[in-house]
Amino acid sequence: MPMHRACVFAFMAATALTGAALADSVPLQMFVGGRVVTQVAKVESGSWFKADVDQTSYTYQWPGVYFEAAFTGDSVDAKVNDDQNNLYVWVDGVHKLTLTRPGKATVSLKDLGPGRHIIRLEKATETQATTGRFDGFFVPDAANALPPPSYSHRIEFIGDSYTIGYGDTSRGQVCTTDDVRDTTDTSLAWPPIVAKHFGAAYRINAYSGRGIVRNYNGLAAGDTLPYLYKFTLFDHSVPAADDGWTPDVVVVGLGTNDFSTKLNPGEKWASRDALHADLIRTYADFIKSLRAKYPDAHIIMMASDGAANEIADNMKAAAALAGSEGVADLETLVFTGLDWQACHGHPSLKDEALLSKLVIDRVSLLPKFAPGS
């Protein structure tokens, strides 16, 4: 059973509002954590709002996307449109609601008490073929609206299912497709734990089953993570925008899917050695592209010591090649000691704690992230 399930019933008790009830609402400015497609439409007075306003909506697909806003007063509304994902609603760091594939709905939170509050909507599940949409937070009056939260520390995480928290709340390794959907909780995966430890904004650009040059069991040839990374939506219809995101640290955990299965007849590599050479060159080029995109970021490449160190050894070789070709401020981390007891042999919640500590300990050594900095 996924965590927070007991809170699902709170959503059923929340008020689903009509357009008339929102007629006097004021949209809040937001901090958006993750890649989204932003669309703005003019809403005329008398429809939803007391005056003409620009209504902004956000379409999302990458895991771990979140939205935050600040306000005063004891009530706030959230407009969601997502029938595939589980969404968490937090107020002042306290989990208030779990919205389980809610569809199109407006949720009202009341009796929050006076003073300043921060509300957060967070995508907990992974969806690869569908998108969700968020239409924003709303307060009763412009006097209740505050500037959105801001962050002085930023971390980007790039990876696969290990980065997403695939099935991490499951009770064992044997899982159905529905089990994976219901027990994947990205909010409990190690990347958000690391970011929240430092009070950092974060992005998770990860996709289960994708590799550097080869996806799991050779599926979807060519549609690898370095290629998907170029887009905001997985159908390649919307390129990733240059939106000013500048992380201080980039943590890359890839390569597991390239090596986790045997080569199949018809794949482009004639041998495992050929696969190794292709991955090392392509991985180094991807790291070089990240350095060009984020010239001041510290880059950490991560891999497990599994598969007789095949994953880790190739990661290290790619890092060495990138370093020899001018990429500085780059390091590698190899992790071990996991129990792999989540769905299909993925990291469990116990493993998430181990991985988060490993990365926290390393990032804490960076001057900007050192205690007291």
Worksheet item: Under the condition of being closer than 19 Å to Pro140 by Cα and of a type in the set (Val, Ile, Thr), which residue from segment 90-107 is surrounded by the fewest Cβ atoms within 10 Å (Cβ to Cβ)?
Response: Val91
Worksheet item: Can you pull out the residues in segment 328-365 that are of a type in the set (A, V, I, L, M, F, W, C) and either exposed (fewer than 13 other Cβ atoms within 10 Å of the Cβ) or not assigned by TED's automatic domain parsing to the domain that holds Asp285 (or both)?
Response: Ala328, Leu365
Practice prompt. Tell me which of these Gln173 doesn't satisfy, since it passes every other one: (1) out of contact with any helix residue (DSSP H, G or I) (no Cβ under 6 Å at 6 or more places or on another chain); (2) under 21 Å from Ser260 (Cα atoms); (3) not basic (Lys, Arg).
Written response: (1)
Worksheet entry | Verdict on Asn314 being in a helix (DSSP H, G or I) and either touching a residue at least 40 places away in the same chain (Cβ under 8 Å) or of a type in the set (A, V, I, L, M) (or both) | yes
Discussion item. Against the condition in the same structural domain as Ile311 (by TED's automatic domain parsing) and within 29 Å of Leu365 (Cα to Cα), how does Val238 come out, does it pass?
Written reply: no
Discussion item. Can you confirm whether Ala129 is outside the structural domain of Gly211 (by TED's automatic domain parsing), closer than 30 Å to Ser304 by Cα and of a type in the set (Gly, Ala, Ser)?
Written reply: yes
Practice prompt. Taking the residues in segment 121-149 that are in a strand (DSSP E or B) and under 17 Å from Tyr202 (Cα atoms) as candidates, determine which candidate is farthest from the chain's Cα centre (by Cα).
Written response: Leu121
Worksheet item: Hey, among the residues in segment 86-120 that are part of a strand (DSSP E or B) and among the charged types (D, E, K, R), which one's nearest to Gly199 (Cα to Cα)?
Response: Arg120
Fill in: Among the candidates Ala78, Ala129, Ala124, Ala143, residue that is buried (at least 24 other Cβ atoms within 10 Å of the Cβ) and farther than 18 Å from Ser187 by Cα
Ala78
Worksheet item: In segment 144-198, what residues are within 21 Å of Arg210 (Cα to Cα) and of a type in the set (Ser, Thr, Tyr)?
Response: Ser161, Tyr162, Thr163, Tyr166, Thr176, Thr177, Thr183, Thr184, Thr186, Ser187
Worksheet item: Here are some conditions: (1) small (Gly, Ala, Ser); (2) touching a residue at least 60 places away in the same chain (Cβ under 8 Å); (3) assigned to a loop (DSSP other than H, G, I, E, B). Gly199 meets all but one. Which one does it not meet?
Response: (2)
Item to complete: Give the residue that is nearest to Trp190 (Cα to Cα), with candidates limited to residues of segment 261-307 that are surrounded by 16 or more Cβ atoms within 10 Å (Cβ to Cβ) and of a type in the set (Val, Ile, Thr).
Response: Ile300
Discussion item. Cβ-Cβ under 9 Å, sequence separation 6+ or interchain: first residue in segment 95-109 and in the same structural domain as Asp82 (by TED's automatic domain parsing), partner among the aromatic types (Phe, Trp, Tyr) and modelled with pLDDT of 95 or more. Which pairs?
Written reply: His95/Tyr88; Lys96/Tyr88; Lys96/Trp90; Leu97/Tyr88; Leu97/Trp90; Thr98/Tyr88; Leu99/Tyr88; Thr106/Phe138
Discussion item. Looking at the structure I just gave you, is Thr256 within 16 Å of the chain's Cα centre (by Cα), over 14 Å from Ile287 (Cα atoms) and at pLDDT 95 or above?
Written reply: no
Worksheet entry | Test for Thr56: is it at pLDDT 95 or above, under 28 Å from Asp243 (Cβ atoms), polar (S, T, N, Q) and outside the structural domain of Leu225 (by TED's automatic domain parsing) | no
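The values are calculated or read from the model by the stated rules, or taken from the named source; none is laboratory data. Small disclaimer: the values here were computed from a predicted structure and weren't measured. Note that we place each Cβ from the backbone using ideal geometry, even for glycine, and neighbour counts take in every protein chain shown.
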